[in-house]
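Enquirer: Please find one structure pasted underneath; my questions will follow.
The values are calculated or read from the model by the stated rules, or taken from the named source; none is laboratory data. In this text the structure is predicted, and so the values were computed from the model without any measurement. Cβ placement follows ideal geometry from the backbone for every residue including glycine, while neighbour counts extend to all protein chains displayed. To get the accessible areas, we keep the full protein, side chains included, count just its heavy atoms, and leave off ligands, DNA and RNA. Shrake-Rupley method; radii C 1.70, N 1.55, O 1.52, S 1.80 Å.
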Amino acid sequence: MYKTISTEFLKLRRSKLLIYALIAGILPSIVKFLQFLSGNTDKVDSWQWFLASRQEIMVFGVLITVILSSSFIFNMEYQYGTASYIYTSRVPKIQIFMAKLLTIFAVVVLIFAVTLVSELLFGVITIKAAIPKALLLKLIKVTVWYMLSYGLLSTTVVLISVLTKRFVLTSVILFGYLMLVFPFHLKNNIYISPFMTPAAVAARIFGSDNYILVSYFRDVTVNTTAAAMFIIALAAVSLGLGLIAYQKSDAIL
């Protein structure tokens, strides 16, 4: 298993995916820093503003990165024309599947770990004051929540990737779905667009009405336990179906 995981990380390192993940983690903090310097804030409750308001770039940037990276990791063999090598090797498909899944989770953890560090770093540079302890605890809680929730939600991308075997098609299907259901998500249904559900919970943890798209979650009832159970159930179904489909996969498109 160790060799299989190492192989997946080696293939990942040779791509530009890790660079994109680092950019997705750092860019939101830089934008907030520039907004603060430009005076695009009233600078009241500065740390609260920096961490818990107008997080559109962070949410959508991470969302895009998670979808693209998950799709790429499961479709890279078809992308590079090397699928026949892994499917004719002696390594069980379930082992390859789990190694790819762990690689995706590692990328998700990397994104949010970099986001956490960059937010604290640029926050101190911007505000020139230490972060309040209560807000730091909320930030850590939100970061862990994002790691777990998006790690689980990546299994839905995996399922589509295994079925289509095409990186571009998988991305088009998922982004198309997100665009189609977004108006309904705006009408206070946080479950119709699962990849947006974690942001609603994060807004509640921060106690923010301005977390994304100004007052987006103001009147939304968010049950954190229900949201977590929804994501776990969706991940379990996606994981089961994805594993069954992957076991039947071959090198022919």
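Enquirer: Multiply the residue separation of Leu213 and Ala113 by 0.36 nm, subtract the distance between their alpha-carbon atoms, and state the gained length in nm to one decimal.
Expert: Working: separation 100, 0.36 × 100 = 36.00 nm, distance 2.39 nm.
Between Leu213 and Ala113, full extension yields an extra 33.6 nm.
Enquirer: How much length is gained if the chain between Lys133 and Val31 is pulled fully straight, taking 0.36 nm per residue apart and subtracting their Cα-Cα distance, in nm to one decimal? Intermediate results must be reported in sequence, preceding the final value.
Expert: On the way: separation 102, 0.36 × 102 = 36.72 nm, distance 2.39 nm.
Additional length available on full extension: 34.3 nm.
Enquirer: For the stretch 1-248, what is the relative contact order in percent, using Cα pairs closer than 8 Å and at least 6 residues apart in sequence?
Expert: Details: 261 pairs, mean separation 69.0, N = 248.
Result for the stretch 1-248 is 28 percent.
Enquirer: What order do you get for 94-103, 57-66 when each peptide is scored by the mean count of other beta carbon atoms within 10 Å, highest first? Each step should come with its number before you reach the end.
Expert: Details: 94-103: 18.6, 57-66: 20.7.
The peptides rank, most packed first, as 57-66, 94-103.
Enquirer: Sticking with this one: If the only charges are +1 at each Lys and Arg Cβ and -1 at each Asp and Glu Cβ, what is the size of the charge dipole of the stretch 1-248 around the Cα centre, to the nearest 20 debye?
Expert: The dipole magnitude comes to about 640 debye.
Enquirer: What does the C-alpha gyration tensor say about the overall shape of the stretch 136-196? Classify as rounded when a/c is under 1.5, otherwise prolate if a/b is larger than b/c, or oblate.
Expert: Here the stretch 136-196 falls in the oblate category.
Enquirer: Rounded to the nearest 20 Debye, what is the dipole magnitude of the stretch 104-253 about its Cα centre when Lys and Arg each give +1 and Asp and Glu each give -1 at the C-beta?
Expert: Working: 10 positive and 4 negative charges, 26 e Å.
My answer is approximately 120 debye.
Enquirer: Carbon-plus-sulfur fraction of the accessible area of the stretch 1-248, 1.4 Å probe, in percent?
Expert: Numbers: 8440 of 12080 Å².
Ligands and nucleic acids excluded, carbon and sulfur reach 70 percent.
Enquirer: Determine the shape class of the stretch 1-248: with a ≥ b ≥ c the square roots of the Cα gyration tensor eigenvalues, call it rounded for a/c under 1.5, and otherwise prolate if a/b is greater than b/c, oblate otherwise.
Expert: Values: a/c = 2.24, a/b = 1.67, b/c = 1.35.
Verdict is prolate for the stretch 1-248.
Enquirer: Using the heavy atoms of the protein chains and a 1.4 angstrom probe, tell me the accessible area per residue for the stretch 1-248 in square angstrom. Numbers along the way, then the final one.
Expert: Details: 12080 Å² over 248 residues.
Per-residue value: 49 Å².
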